[in-house]
Amino acid sequence: MNFDIAFPQTFDEAISANENGARWFAGGTDLIPLLKSDFVHTTRLVNLKRVDELRGVVETNDSVRIGALTTLAELAGHELIRAKYRALAQACDLAASPQIRNMGTLGGNLNQASRCPYYRNNFPCYLHGGDKCFMRDGENREAAVIGYHDCVHVHPSDPANALVALDAQIVVRGREGERTIAAQEFFRAPDANDTRMNVLNADEMITEIILPNDSENTRSVYVKAMDRAVWTFALASVAVKLEIRERSAGDSTRLETACVVFGGVAPIPYRELRVEKMLSGKEWNKDLVTQGKFAVLQDAEPLAHNAYKIRLARGLLKRALRECLENA
Amino acid sequence: MTRIVKSDERVAVELTVNGERERVYIEPTRFLAEVLRHDLALTGLKVSCGMANCGACTVLVDGMPVYSCITLALDCEGRSITTIEGLSQGNDLHPVQRAFIEHDAFQCGFCTSGQILSMTALLEKNPTPDEGELRHNMSGNLCRCGAYVKILQAGMSLSGAERGE
């Protein structure tokens with residue numbers, strides 16, 4: 001490791017400090033181990049921690065804006081986020097370990113590198129500029145079952161799934177100025193020609209995340225299955241956002257709209273439109289959860305050792321719905 | 001103006017460590033764990049994985065547990081750091097240290113300073129954790145001897161919830 005550190009105090013300073021081969025630096029919980037492993041190299045870290053414009057959680061009339069430097073621990077414990085965007089608070093709380101949540105930022109979490117064990121052990125795979133995915137025919141128990149191209153890794157972020165379900169917008173800024181991207185459009189499945197995991201350009205940083213100001217009939221939840229109870233990545237997870245209301249006085253309560261996003265099953269947060277459609281308009285009661293037929297991930301193409309993820313995802317969806325019902 | 005510290009440049013950094021103001025002269029690639037151990041001789045903190053996995057290197061920065069093996073020391077300018085050496089008052093051990101001894105909450109002891117600091121930070125924030133909260137907040141500290149049961153017992157013995165407070 002041999003890098004300079006720049007300490008900009010404004011956006012503009014940060015962007016001009018990001019010269020050839022520089023990397024943004026915030027929590028560092030992913031980047032530092034990658035640098036120590038010696039397969040990510042950089043000449044300069046542009047330390048964003050003194051850029052005050054990247055801080056804060058602010059409620060406006062029609063949205064809540066989260067500065068990209070907000071840590072996962074801050075979000076997990078934030079009263080407003082817990083009350084209005086429970087799925088996000090839960091996803092942050094279930095991510096990584098307490099120490100990582102204290103250091104790691106939301107912006108960095110969304111831009112973290114792959115956790116594929118082949119990538120992390122420096123196999124010459126697509127993500128390292130090679131011409132093969134070693135996981136596809138190798139130890140693929142943790143691999144994607146759907147939505148993958150050449151590389152079968154899964155996106156490691158928990159909050160990403162919640163943000164897609166909550167219909168968040170991601171604001172980014174670079175040399176060309178600012179652009180706002182729907183969370184659903186932000187992530188991408190790496191392929192042989194373009195191994196990026198999201199649509200950020202090298203000169204761009206995430207500046208803030210905007211959540212819509214949902215009605216009081218909205219509730220959300222995030223449920224995650226892991227090999228152990230804590231401190232690991234999702235085998236599968238689900239973020240669900242539901243809008244529940246009585247259509248007219250005396251009518252039964254209905255599930256007006258549902259947004260269902262699976263994590264741990266694809267290289268992107270995987271939105272399950274068919275299940276959303278199936279749930280929409282249904283009577284909202286225990287029967288829906290216990291008797292509903294949930295044909296999740298119907299288009300999955302599992303590999304040798306990961307078909308279990310499909311049943312796991314279905315079970316998680318039922319658990320998520322039950323949790324929404326019980327926390328009415 | 002953007003301040004830039006060159007990779008081979010050694011700069012003075014002021015840290016508050018266990019309540020004392022310390023000045024160290026360091027390059028930008030130095031990690032907090034090394035600076036505390038080598039420059040300030042605070043060897044109670046251990047480095048095991050060096051990759052933010054195991055928690056042996058846990059210290060408190062402004063009261064929050066962090067992995068010092070991946071924390072750049074330069075980034076801690078002006079912040080308040082607590083290591084295991086900062087808990088006892090002379091020969092008078094901190095209650096969490098006493099609870100670890102009373103409950104035999106370690107074997108080899110390599111992870112212990114990190115475990116004690118994580119538990120101390122939790123109890124500062126929440127003096128009455130239940131067992132679930134204790135487990136959740138201790139989950140970033142691994143113990144390969146497997147002393148977890150005893151560590152939990154030590155923690156619960158200090159929780160006001162356990163004592164009916």
Taking 0.36 nm per intervening residue step and subtracting the Cα-Cα distance, what contour gain separates A:E283 from A:E301 on full extension?
-> 3.3 nm
Model label zone, A:K49; criterion: amide N under 13 Å from point 7 Å along Cα-to-beta-carbon; scope region B:39-64 = B:60-64
P(r) of region A:128-208 over all Cα-Cα pairs, 10 Å bins starting at 0, rounded to whole percent, reads 16, 42, 30, 11, 0
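Per residue, how much space in cubic angstrom lies within the convex hull of the C-alpha atoms of region B:95-158? Kindly include the intermediate steps, with their values, before the conclusion.
Working: hull volume 4.4 nm³, N = 64.
Per residue, the Cα convex hull of region B:95-158 comes to 69 Å³.
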Would you mind listing how long region A:173-220 runs along its three principal axes, going by Cα atoms, in whole Å with the largest first?
-> 44, 26, 10
Mean accessible surface per residue for region A:1-52, computed with a 1.4 Å probe while every protein chain stays in place, in Å² = 39 Å²
Per residue of A:87-100, count partner chain C-beta atoms within 10 Å of its C-beta, then hand back the mean as an integer.
-> 4
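If we count every other residue with Cβ under 13 angstrom of A:M135's Cβ, Lys/Arg +1 and Asp/Glu -1, where does the sum land?
Working: positive: A:R115, A:R120, A:K132, A:R136, A:R141; negative: A:D137, A:E139, A:E142, A:D150.
Cβ neighbours under 13 Å give a net charge of +1.
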Could you pull out every one of the lysines with an alpha carbon less than 16 Å from that of A:K318, ignoring same-chain neighbours closer than 8 positions?
-> A:K224, A:K241, A:K277, A:K282, A:K286, A:K293, A:K309
Cα axis of helix B:148-158 to longest principal axis of chain B: angle in degrees, 0 to 90, nearest 10?
-> 80 degrees
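How many Cβ atoms of partner chains, on average, are near each residue of B:67-76 if near means within 10 Å of its Cβ?
Details: counts 9, 1, 3, 12, 6, 7, 0, 4, 8, 0.
Mean inter-chain Cβ contacts per residue within 10 Å come to 5.
Run the numbers for A:K293 and A:N20: contour at 0.36 nm per residue of separation, minus the present Cα-Cα distance, in nm.
Numbers: separation 273, 0.36 × 273 = 98.28 nm, distance 5.27 nm.
Stretched fully, the A:K293-A:N20 segment lengthens by 93.0 nm.
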Could you give me the percent of Cα pairs per 5 Å distance bin for region A:1-52, shortest bin first, beginning at zero and ending with the bin that holds the maximum distance?
-> 5, 23, 31, 23, 13, 5, 0
Computed on Cα atoms, the radius of gyration and Dmax of chain B in angstrom are 16.7, 56
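Got a sec? What order do A:K84, A:K286, A:K241, A:K132 fall in by accessible area at 1.4 Å, biggest, i.e. largest, first? Walk me through the numbers on the way to the answer.
Values: A:K84 65, A:K286 140, A:K241 35, A:K132 100 Å².
Per-residue accessible area, sorted high to low, gives A:K286, A:K132, A:K84, A:K241.
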For region A:188-286, the Rg and Dmax computed from alpha carbons only, in angstrom | 17.6, 57
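Pull out the extension gain between B:E9 and B:T43, defined as 0.36 nm times the separation in residues minus the alpha carbon to alpha carbon distance; nm, one decimal.
Details: separation 34, 0.36 × 34 = 12.24 nm, distance 2.56 nm.
Stretched fully, the B:E9-B:T43 segment lengthens by 9.7 nm.
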Summing Lys, Arg as +1 and Asp, Glu as -1, what charge do residues with Cβ under 13 Å from the Cβ of A:G104 carry, A:G104 excluded?
-> -2
Paramagnetic reach from B:K125 (point 7 Å along Cα→Cβ, amide N under 16 Å) across region A:106-126 | A:106
Along the charge dipole of region A:53-212, which of A:T207, A:P124, A:N193 sits closest to the positive end, that is, farthest toward it, with unit charges on the beta carbon of Lys, Arg, Asp and Glu (+1, +1, -1, -1)?
-> A:P124
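May I ask for the net charge around A:I5, where only other residues with Cβ less than 10 Å from the Cβ of A:I5 are counted and Lys, Arg are +1 while Asp, Glu are -1?
Details: positive: A:R44, B:R3, B:K6; negative: A:D4, B:E9, B:E27, B:D75.
Residues close to A:I5 contribute a combined charge of -1.
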Where a ≥ b ≥ c are root eigenvalues of the Cα gyration tensor, a/c under 1.5 meaning rounded, otherwise prolate if a/b exceeds b/c and oblate otherwise, chain A counts as oblate
Toy charge model, Lys and Arg Cβ at +1, Asp and Glu Cβ at -1: region A:192-250 dipole around Cα centroid in debye, rounded to 20, equals 380 debye
Helix B:112-125 axis, angle to chain B major axis (alpha carbon atoms, nearest 10°) | 80 degrees
Provide the descending list of Cα extents for region B:11-86 along its principal axes, expressed in whole angstroms.
-> 29, 25, 20
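Heavy atoms only, 1.4 Å probe, whole protein assembly: order A:D62, B:D39, A:D4, A:D38 by accessible area, highest first. Before the final figure, lay out the partial values.
On the way: A:D62 110, B:D39 65, A:D4 20, A:D38 90 Å².
Result of the area sort, largest leading: A:D62, A:D38, B:D39, A:D4.
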Quick one: helix A:308-326 against the long Cα principal axis of chain A, what's the angle to the nearest 10°, folded into 0 to 90?
-> 60 degrees
Whole-percent carbon and sulfur contribution to the accessible surface of region A:53-212 (1.4 Å, no ligands, DNA or RNA) stands at 42 percent
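The values are calculated or read from the model by the stated rules, or taken from the named source; none is laboratory data. On a predicted model such as this, the values are computed, not experimentally measured, just so you know. Neighbour counts are summed over all protein chains in view; Cβ atoms, including those assigned to glycine, are modelled from backbone coordinates with ideal geometry. Keep in mind that these areas ignore ligands, DNA and RNA; they rest on the heavy atoms of the full protein, side chains included. Shrake-Rupley method; radii C 1.70, N 1.55, O 1.52, S 1.80 Å.
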